[in-house]
Amino acid sequence: MRLRNWIAVVVSVLLLAAAGTIGILVNRSALRAADTVHRADSQALAVNNGTLTRQLQLLGAAELANFLTDHALRLGRNSATDRQALAMLVAKSETFGYGALITDLGGNVLTASRADGIPAATDPGWKAMRDGLAAGQPGFSSVMQVGGVPLQAVAVPVLAGGRPAGVLIGLNSVASTALQKYIQGLKDGVHTTIVVDSSGTIGVTEQAASIGKKVDPAIRAEIARAPRSGTFVEYTAGGTEMVAVVVGQMPGGWAYVRTQSKSSFDGAVHSKSQTLNLTLLAIILIGVTAVSILGYRSMMQRRRNDERFQALFQHAPDLVSVLDANGKIAYSSPSAGVVLGFGSGRLVGTSVFDIVHPDDRPYMLHHFSQLLSERDAVMRLQCRVRPASGEFRWFEFTASNQMHNPALNGVVINARDISDTREFQERLAHEAAHDALTGLPNRRRMQDALGASLRADAVAVLFVDLDGFKPVNDAHGHEAGDELLRQVSQRLSSCVRENDVLSRVGGDEFVVLMPGVHDPADTEAMCARIRQAVEAPFLIDGAEVRIGASVGVHLAPLAGDPDEALRAADHAMYTNKKSRTRLALATAGRPGRHRAEP
């Protein structure tokens, strides 16, 4: 073989080796970048869901604090008054339906709503709750077992003279919480979502049979030191490599955990990357043994690489587009047909803003202008996009300014459908602010609306309490009582104005906010409509039921205190109820329904 042939062989081998090495390094770099983005997305999703979980926990403590605001406890041992108050709390609460109790500062039970089924004072689960109280915060226990029922305790201090004199504790059955029902209903077979206490005991999970069991020791070791920003844990369970995102520092040392197998977490990207590496090595060997047809083989190999890249690109789950400076689509990946339902090339030449929701269009135009003003700028945005079906869906966009890149000369867009994730987050947020029985805003949502309204104008606050509801509940059962409350909420909804806020704040208590009302005559008309609507007969389980309503009114001035306004309306309602009761006693000569003074 001539020298030039040897030189050609050596040069070919060196070129192929260099090309193969560079290809492997580039592939590894791209894989690391994809892993980084994927991990960041997974971590952000876990942190968002962990934040919602933390807020749901704190709602339970807020419910106990609100109860103490409205009820003065005697803190005596076996106090009948305190037991009656606890029974009222348990009956009205959707969180602490299992039971409630009052203890002294040493943890000794003073009064309880139930005679048994209370965790023993020596149960180690109490420690997390007591540590929270000692730190001046609401207390949240670990999972405690009583008769095979896993429980959690939430506690707030009972103040006397501004100093703690006792502890109010609410007990909930963790297997029947709203969070458990939502997570169990969203089971997808790939991820497993759990919420665990500081000892690693499962309190919430998609698999209800696992409640009360311990999580994997690798996860348990990370719970105490996991930050709110989340941390990844890789471990092996039953011979399967697993990946978990742990979001910690929740009340009581609880943590949110999202697990899945490492193979499903990594997805097809790692598999295809390994295939590409092997292919590049094969190219080097083929080049060494086929030097005589180097040019032809090189040309064919480049063509195969291009086809392979196109095949990977066409089947990518994300939508990739290139926009010009005016927002017109210069290129759209084949995945647009799968993701959006548009035919191949149909979007090219059209403005991307034509398929953006009208409400989101100014927001996207503003950020698109900012992106063009900065070289190599990268932005991540979310907006609603209209697919070919016409129904808007939420997408997350990663936009990169590549106008200076001669190969692209545009803005590169990577888009991913996140509608399911948005729906889950919105459902959790809605549940945290609305009453599950009637669908009305709950006390927390009402207080936020009252505070916002008082910053702009005066507000008329109407506190409505049903008269005769308890006898209906006792005679027909709780299901009939729930149906009666639903019908009452529907009638009250038909009474209020468009801008008014109707909320359910307790068992049979409702509040109506009337922003901008200064004239007592307006409230008198509303009170009359409410009483007329409630006093009309109801049909419950085929039987006609009659109840009444006591309404207290307070005209809160502009910039007034929301809590004071609500207390004033409650006091006015109580005064009205006492007057109606005395009148009924004087007229009928028999005992009437009387509400105990707080």
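The values are calculated or read from the model by the stated rules, or taken from the named source; none is laboratory data. These numbers were taken from a predicted model, which means no experiment stands behind them. When we count neighbours, we look across all protein chains shown, and the Cβ atoms used for this are built from the backbone with ideal geometry, even at glycine.
Below, the figures for the structure above:
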{"quantity": "Region 201-219: number of residues that are among the hydroxyl-bearing types (S, T, Y) and not in a strand (DSSP E or B)", "calculated": "1"}
{"quantity": "In region 80-106, residue surrounded by the fewest Cβ atoms within 10 Å (Cβ to Cβ) [restricted to those that are closer than 11 Å to G166 by Cβ and either in contact (Cβ under 8 Å) with a residue 24 or more places away in the chain or of a type in the set (V, I, T) (or both)]", "calculated": "L105"}
{"quantity": "Flag if R130 is modelled with pLDDT under 95, in a loop (DSSP other than H, G, I, E, B) and not assigned by TED's automatic domain parsing to the domain that holds T201", "calculated": "no"}
{"quantity": "Filter result for N27 (more than 23 Å from A244 (Cα to Cα) and not assigned by TED's automatic domain parsing to the domain that holds Q145)", "calculated": "yes"}
{"quantity": "Residues within region 133-176 that are of a type outside the set (S, T, N, Q), in a strand (DSSP E or B) and at pLDDT 90 or above, tallied", "calculated": "23"}
{"quantity": "Cross-chain or 6+ apart pairs with Cβ under 8 Å, region 360-379 first and within 19 Å of N414 (Cβ to Cβ), then modelled with pLDDT of 85 or more and of a type in the set (K, R)", "calculated": "D360/R384"}
{"quantity": "Elements of type strands (runs of 3 or more DSSP E) in region 388-494, at least 1 residues being touching a Cys at 6+ places or on another chain (Cβ under 8 Å), more than 22 Å from L59 (Cα to Cα) and at pLDDT 85 or above", "calculated": "393-402, 459-467"}
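Residue by residue, here is whether (1) in contact with a helix residue (DSSP H, G or I) (Cβ under 9 Å, 6 or more places away or on another chain); (2) surrounded by fewer than 15 Cβ atoms within 10 Å (Cβ to Cβ); (3) closer than 14 Å to A46 by Cα holds:
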site: P227; (1), (2), (3): no, yes, yes
site: Y235; (1), (2), (3): yes, no, no
site: V243; (1), (2), (3): yes, no, yes
site: V247; (1), (2), (3): yes, no, yes
site: M250; (1), (2), (3): yes, no, yes
site: G253; (1), (2), (3): yes, no, no
site: S263; (1), (2), (3): yes, yes, no
site: D266; (1), (2), (3): yes, no, no
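Condition check ((1) out of contact with any His (no Cβ under 6 Å at 6 or more places or on another chain); (2) surrounded by fewer than 18 Cβ atoms within 10 Å (Cβ to Cβ); (3) in contact (Cβ under 8 Å) with a residue 60 or more places away in the chain; (4) on the phi < 0 side of the Ramachandran plot) across all residues:
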| position | (1), (2), (3), (4) |
| --- | --- |
| N108 | yes, yes, no, yes |
| A112 | yes, no, no, yes |
| A134 | yes, yes, no, yes |
| S142 | yes, no, yes, yes |
| P157 | yes, no, no, yes |
| G162 | yes, yes, no, no |
| A165 | yes, yes, yes, yes |
| S199 | yes, yes, yes, yes |
